[in-house]
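Student: What follows is a single structure, and I will ask about it in a moment.
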Amino acid sequence: MRKLQAPLAAAAVAALVLAGCGTTSDRTSDTPQAQNSKECKGADGKYTIGMSQANVAEPYRQRMDDDILAAAKEVPQFEVKFADAAQDNAKQVADVENYITQQIDLLIISPNEAKPLTAVVKKAYDKGIPVLVLDRKVEGDAYTGFIGGDNVQIGTEAGKYIAEKLLPNGGNVVELKGLAGATPQTERHDGFIAGIKGNPKVKVIASASGDWLREKGQAQMDALLKANPKIDVVYSHNDPMAEGAYLAAKAVGREKEMKFTGIDALPIPSGGIKAVEQGRLSATFTYPTNGKEAIAAAKKILVDCGTIEKSQTLQTRLIDESNAAAIYAEENPTG
C-alpha cells in the first residue's frame, strides 16, 4: 500500500464549518448513511480514504491513482491509502474488507468486475462509509456516487468514426475486447455495434478478449491475423491492446494493411495520443481517469459536509492526426 498524509487545516478555516459528516471513528451504528453522518467535523477533521484499484498493470489505472494522489495533496485533511487488486476479484474483496476493518472515512473503488464486488461495496455503504465508484460499475445502487465516462457513447463514437471515416465503402473489422465481467467491456461493444449500423458494409468478422493488457492484446491479435487474411480495421477497447495489435501486425509485415483505433488517450509519452501523433493508431477517444473528480467529491462530502450527484458522467473527444499534437501539448503545458 502507498500512503499520502497531509496536515490538518488551519483552525480559522475549520471554524467556518458548523455541521455535516463525521469520521468513521465517530460512527456508532451500522445504519446506511448515503452521504453524511449527523456530526460533521468538516474542515476541522482528518479523514482516511481507501482507494481500491482493479489493477495497476494498465497505464490508465496507474494514471488514475496518480491523479487521485495529486488531487489529494491539495486537501490538507486527507490521507489516502491505495490497494492494487492485480485483476483478482477475491483480492479486491479482501482489500475492501480490510478498509472496512480499518474504519476508513470514505471508499473509492474501481471494480475489477461488477458482480463479484457488489456485495462488499454494499457492505461498506451499509456501514455508513461513503462510497465513490469510478470508471467501472457495480450492480444495484448501494453506493454514494458513480463517476465515469459514458462507455456506450464512446463505443458509438468509435463505431461511427470507423463506419464513416475509415471504411466508408465497407470492410472487415476485428474487435479486441476488455475483461469480460467489467462493465466498460459490454458497453463499449454495445455502443460500437450501434455506431456501425449506419454502414451495413462494415462487418465484424472476429473478436477476442485482451483483458485490457498490451501483451495479451498482442497475443490475441497474432491468432486473429493467422485466422483472417483480410482485416481492414482493428477496434480495440483500450489503447494498450491497440498498440499490442499493431505490434502483432508489424511482426508479420501486415501493419500497413489495416488501421487501428483505441480508447483512453492518456497524455503521456507511452499513451494513446502520442500513438496517434506517431502514426501507429488512426484514432483514440479520451476516457478521463476521474481522479481529481473523485477527490473533489470526497471533499464535498467530508470537508464541506455537502452532498453529491448519484452519477457524474465525464465527456469524451476524438483524437486523430488533425489534433493529436495540439491536444498533447495542451495536456502537458510545461513540456
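The values are calculated or read from the model by the stated rules, or taken from the named source; none is laboratory data. Owing to the predicted nature of the structure, the values given are computational and were not obtained by experimental measurement. As a convention, Cβ positions derive from the backbone with ideal geometry for all residues, glycine included, and neighbour counts pool all protein chains shown. Surface accessibility is based on the protein's heavy atoms, side chains included, excluding ligands, DNA and RNA. Shrake-Rupley method; radii C 1.70, N 1.55, O 1.52, S 1.80 Å.
Student: Condition first: open to solvent by less than 60 Å² (accessible area, probe 1.4 Å), farther than 16 Å from residue 172 by Cα and out of contact with any strand residue (DSSP E or B) (no Cβ under 6 Å at 6 or more places or on another chain). Now tell me which residues in the range 195-218 satisfy that.
Tutor: Within the range 195-218, 211, 212, 213 meet the criteria.
Student: Kindly indicate which of 270, 282 is small (Gly, Ala, Ser), crowded, with 20+ Cβ neighbours inside 10 Å and touching a residue at least 60 places away in the same chain (Cβ under 8 Å). Give the steps one after another, and end with the answer.
Tutor: Working: 270 fails: crowded, with 20+ Cβ neighbours inside 10 Å.
Just one listed residue meets the conditions, 282.
Student: Separate question: Within the range 130-215, considering only strands (runs of 3 or more DSSP E) that don't extend past its boundaries, which have at least 2 residues that are under 19 Å from residue 312 (Cβ atoms) and touching a residue at least 60 places away in the same chain (Cβ under 8 Å)?
Tutor: 131-134, 145-149
Student: Same structure, new question: What's the number of the only condition in (1) in the same structural domain as residue 74 (by the TED database); (2) open to solvent by less than 40 Å² (accessible area, probe 1.4 Å); (3) touching a Phe, Trp or Tyr at 6+ places or on another chain (Cβ under 9 Å) that residue 299 fails to meet?
Tutor: Tallying (1) in the same structural domain as residue 74 (by the TED database); (2) open to solvent by less than 40 Å² (accessible area, probe 1.4 Å); (3) touching a Phe, Trp or Tyr at 6+ places or on another chain (Cβ under 9 Å), residue 299 fails exactly one: (2).
Student: Moving on to the next point. Being β-branched (Val, Ile, Thr) and farther than 23 Å from residue 63 by Cα is the filter here; which residues of the range 105-118 pass it?
Tutor: Of the residues in the range 105-118, the ones β-branched (Val, Ile, Thr) are 108-109, 118.
Of everything in the range 105-118, just one residue is β-branched (Val, Ile, Thr) and farther than 23 Å from residue 63 by Cα, namely 118.
Student: Could you list, in sequence order, the residues of the range 203-256 that are touching a Gly at 6+ places or on another chain (Cβ under 6 Å) and farther than 26 Å from residue 269 by Cβ?
Tutor: 232
Student: Here's another thing I want to ask about it. Could you list, in sequence order, the residues of the range 284-306 that are among the polar types (S, T, N, Q) and either under 12 Å from the mean Cα position of the chain (by Cα) or modelled with pLDDT under 95 (or both)? Steps first, please.
Tutor: Residues of the range 284-306 that are among the polar types (S, T, N, Q), as a first pass: 284, 286, 289-290.
Hits for the range 284-306 are 286, 289, 290.
Student: A further question on this structure: Just the residues that are out of contact with any Asp or Glu (no Cβ under 6 Å at 6 or more places or on another chain), under 20 Å from residue 135 (Cβ atoms) and charged (D, E, K, R), please, taken from the range 263-322.
Tutor: Once the filter is applied, which keeps residues that are out of contact with any Asp or Glu (no Cβ under 6 Å at 6 or more places or on another chain), under 20 Å from residue 135 (Cβ atoms) and charged (D, E, K, R), the range 263-322 yields 293, 299, 300, 309, 310, 317.
Student: Still on this structure, I have one more. Quick one: in the range 91-106, of everything that is in contact (Cβ under 8 Å) with a residue 12 or more places away in the chain, hydrophobic (A, V, I, L, M, F, W, C) and outside any loop (DSSP other than H, G, I, E, B), which residue is surrounded by the fewest Cβ atoms within 10 Å (Cβ to Cβ)? Step through it out loud before you land on a result.
Tutor: Of all residues in the range 91-106, those in contact (Cβ under 8 Å) with a residue 12 or more places away in the chain come to 92-93, 95-100, 102-106.
Right, trim to hydrophobic (A, V, I, L, M, F, W, C) and you get 93, 96, 100, 104, 106.
So of that shortlist, the ones also outside any loop (DSSP other than H, G, I, E, B) come out as 93, 96, 100, 106.
Details: 93: 20, 96: 26, 100: 16, 106: 27.
Among them, the one singled out is 100.
Student: When the range 145-163 is examined, which residues are found to be aliphatic (A, V, I, L, M) and open to solvent by 10 Å² or more (accessible area, probe 1.4 Å)? Walk me through how you get there before you give the answer.
Tutor: Start the filter on the range 145-163 by keeping residues that are aliphatic (A, V, I, L, M), which leaves 147, 152, 154, 158, 162-163.
Selection gives 152 alone.
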